[in-house]
1. So for segment 141-149 (the condition being more than 20 Å from D13 (Cα to Cα), surrounded by 14 or more Cβ atoms within 10 Å (Cβ to Cβ), free of Cβ contacts under 8 Å to residues at least 12 places away in the same chain and not β-branched (V, I, T)), does at least one residue qualify?
2. Assess whether G103 counts as being on the phi > 0 side of the Ramachandran plot and surrounded by 15 or more Cβ atoms within 10 Å (Cβ to Cβ).
3. Taking V138 as meeting all but one of (1) part of a loop (DSSP other than H, G, I, E, B); (2) modelled with pLDDT under 95, write down the number of the exception.
4. Any residue in segment 20-45 that's within 17 Å of V138 (Cα to Cα): show its pairings with residues that are basic (K, R) and not in a strand (DSSP E or B) at Cβ separation under 8 Å, as long as the two are six or more apart or on different chains.
5. Could you list all residues from segment 108-125 that are assigned to a loop (DSSP other than H, G, I, E, B) and surrounded by fewer than 16 Cβ atoms within 10 Å (Cβ to Cβ)?
Amino acid sequence: MDQHLKVGQKAPDFALPDQSEKVTRLADFRGRSVLVYFYPKADTPGCTAQSCGLRDILGDIGDTAVIGISPDKPAKQAKFDEKYGLGFPLLADEDHAVAEAYGVWGEKKNYGKTYMGIIRSAFLVDGEGELVQVWYKVSPANTPKNLLAALAS
């Protein structure tokens with residue numbers, strides 16, 4: 001199922017509950033850029049580094065919005081947000097339908113075990129809903145750096 005999205009394509013729309021159970025849609029952000037990033041599991045080391053890195057650059061990205069998406073339930077997303085003061089929507093994609101639409105649900109290997117999960121990735125969407133940057137298999141540390149570089153160019 002390795003269909004990857006490409007720059008210039010429309011970003012798949014979504015409607016998912018955030019950490020306070022409020023439904024958030026990509027369409028809600030028309031007219032401004034949005035970084036949509038997918039992370040495997042709230043409050044794990046890589047996901048925490050990635051999310052805190054993005055939190056730390058919020059003041060440097062103008063009106064660009066940041067949205068995190070993982071398969072975690074809204075209550076788990078809320079704890080993650082409260083613990084680290086992230087301050088942006090963390091969406092619960094519990095059936096991973098949105099992850100599949102973005103091509104980030106796939107086979108992973110860890111300690112010799114193979115399983116299905118989120119392939120850490122990020123997407124910069126412009127105000128018209130079009131993909132302007134696509135980063136599959138992005139490292140937690142590079143997510144904020146890539147966003148800053150893309151916005152500066």
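The values are calculated or read from the model by the stated rules, or taken from the named source; none is laboratory data. As the structure is a computational prediction, the values presented were derived from the model and not from experiment. FYI the Cβ positions are ideal-geometry reconstructions off the backbone, even for glycines, and counts take in every protein chain you see.
1. The answer is yes, given that some residue of segment 141-149 is more than 20 Å from D13 (Cα to Cα), surrounded by 14 or more Cβ atoms within 10 Å (Cβ to Cβ), free of Cβ contacts under 8 Å to residues at least 12 places away in the same chain and not β-branched (V, I, T).
2. Taking the combined requirement at face value, the residue satisfies it.
3. With (1) part of a loop (DSSP other than H, G, I, E, B); (2) modelled with pLDDT under 95 applied to V138, the lone miss is (2).
4. Taking only residues 6 or more apart or on different chains, the pairs are Y37/R120; F38/R120; Y39/R120; P40/R120; A42/K76; A42/K79.
5. Once the filter is applied, which keeps residues that are assigned to a loop (DSSP other than H, G, I, E, B) and surrounded by fewer than 16 Cβ atoms within 10 Å (Cβ to Cβ), segment 108-125 yields Y111, G112.
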